Amino acid sequence: TNQLAALLDAHWPGAKAIFANIESAIALAFLSRYPTATSAVSLTEKRLAAFCAKQGYSGKKPATVLLARLRSAPGGPADPVLSEGIADAVLAQVSVLSTLNAAIKALDRSIAEKMAVHPDGEIFRSFPRAGTVNAAQILTEWGDAREVFDHPDAIAALAGVTPVTKASGKQRGVSFRWACNKRLRQAITTFAANSRHSSPWAAEIYDRARASGKDHPHATRILARAWVRVIWRCWQDGRPYDPARHGGARHNTEQQAAA
């Protein structure tokens, strides 16, 4: 995507400006049909509207606005030999991105199918903003060895969301945990950061950490550690997450209702 963006910036800025994301299906379809500024010279509002309708455009911008974006951007080179080379380069990048997008969709479908039949799939998908892909990432690294992880602190340490404490005599130091399952840490902190937008309980923990001077990554790890305890309990009990059964979340809701 970055390579295509750089190519368009240099030679066909209008094609980059017309749609919000150049890796989207409609943007790639547009570039397939109009790979250079020269190829879009005869593009009219009517033709653009027909193209958008055929592609199922859902951006809610009328053809007038889209065409204005296109025309207000700097024009591309008019030399026919150079335009031919640009067209080849653009179409090559479009082909790569289209293939990647199709592969990503296929993987998303496969992940969804496997999560639907996994014994713990429903549990990990039940948490706020966990979705399917992120839930699958957590589940893959978390595993199903309940007898091994008999306490949430074991998972928290594995995920690198607890600090390392070193003490010797009167000396005591707390530092970032480097040795951990970095894939699990990435998955669990991504979930934690997203969860605060749907869970008032999670937002309160995060906001409290930020108010105490923690930066965003540190506050997210603190929240992730709190979520690990909740996830571990649901995982051990074999129950999907229910805010009504979660004491901290229930208390937070009751406080908000009272206020």
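Derivation of every value follows stated rules applied to the coordinates shown; laboratory data play no part. It should be emphasised that the depicted structure is a prediction, and the values quoted were computed from it without experimental measurement. Methodologically, a virtual Cβ is constructed for each residue, glycine included, from the backbone with ideal geometry; neighbour enumeration extends over all protein chains shown.
In the chain, which helices (entire DSSP H runs) extend 27 Å or more along their own long axis, judged by Cα positions, while averaging at least 0.5 on the Kyte-Doolittle scale? Write out the running numbers ahead of the final one.
Working: long enough: 80-117 (56 Å, 0.81); 216-237 (31 Å, -0.33).
Sorted by number, the helices that extend far enough and score high enough are 80-117.
Multiplying the sequence separation of HIS151 and SER98 by 0.36 nm and subtracting their Cα-Cα distance, what value in nm do you get?
Numbers: separation 53, 0.36 × 53 = 19.08 nm, distance 4.49 nm.
Length difference between fully extended and current span is 14.6 nm.
Please tell me the relative contact order of the stretch 149-233 in percent, rounded to the nearest whole number, where contacts are Cα pairs under 8 Å and at least six residues apart.
Working: 87 pairs, mean separation 26.9, N = 85.
Relative contact order here is 32 percent.
log10 I(q)/I(0), Debye, Cα-only the stretch 119-258, no solvent, q = 0.10 Å⁻¹?
-0.34
With +1 on each Lys and Arg Cβ and -1 on each Asp and Glu Cβ, how big is the dipole of the stretch 119-258 about its Cα centre, in debye rounded to the nearest 20?
Details: 21 positive and 13 negative charges, 131 e Å.
Dipole size: approximately 620 debye.
Enumerate the residues in the stretch 198-220 having an amide nitrogen under 20 Å from the point lying 7 Å beyond the Cα of SER175 toward its Cβ.
215, 217-219
Provide the packing ranking of 214-222, 107-115, 14-22, i.e. peptides ordered by the mean count of other C-beta atoms within 10 Å per residue, highest first. Before the final figure, lay out each step's value.
Working: 214-222: 17.0, 107-115: 13.4, 14-22: 19.3.
For the peptides 214-222, 107-115, 14-22, the packing ranking is 14-22, 214-222, 107-115.
Could I get the Rg over Rh figure for the chain? Both from C-alpha atoms, Rh via Kirkwood, rounded to two places. Please report the intermediate quantities before stating the final value.
On the way: Rg = 25.1 Å, Rh = 22.2 Å.
Ratio value, two decimals: 1.13.
Check the stretch 1-112 and count each lysine pair with an alpha-carbon distance under 19 angstrom, considering only pairs eight or more places apart or from different chains. Let's see the in-between values first.
Working: LYS16/LYS60; LYS16/LYS61; LYS46/LYS54; LYS46/LYS60; LYS46/LYS61.
Lysine pair count for the stretch 1-112: 5.
Taking every pair of alpha-carbon atoms in the stretch 1-112, give the share separated by more than 19 Å as a whole percent.
On the way: 2757 of 6216 pairs.
Across the stretch 1-112, Cα pairs with separations above 19 Å total 44 percent.
Mind checking the log10 I(q)/I(0) for the stretch 8-47 at q = 0.14, 0.17 Å⁻¹? Debye, one equal scatterer per Cα, no solvent, two decimals.
-0.27, -0.40
Please tell me the relative contact order of the stretch 1-160 in percent, rounded to the nearest whole number, where contacts are Cα pairs under 8 Å and at least six residues apart.
Reported as a whole number, the value is 23 percent.
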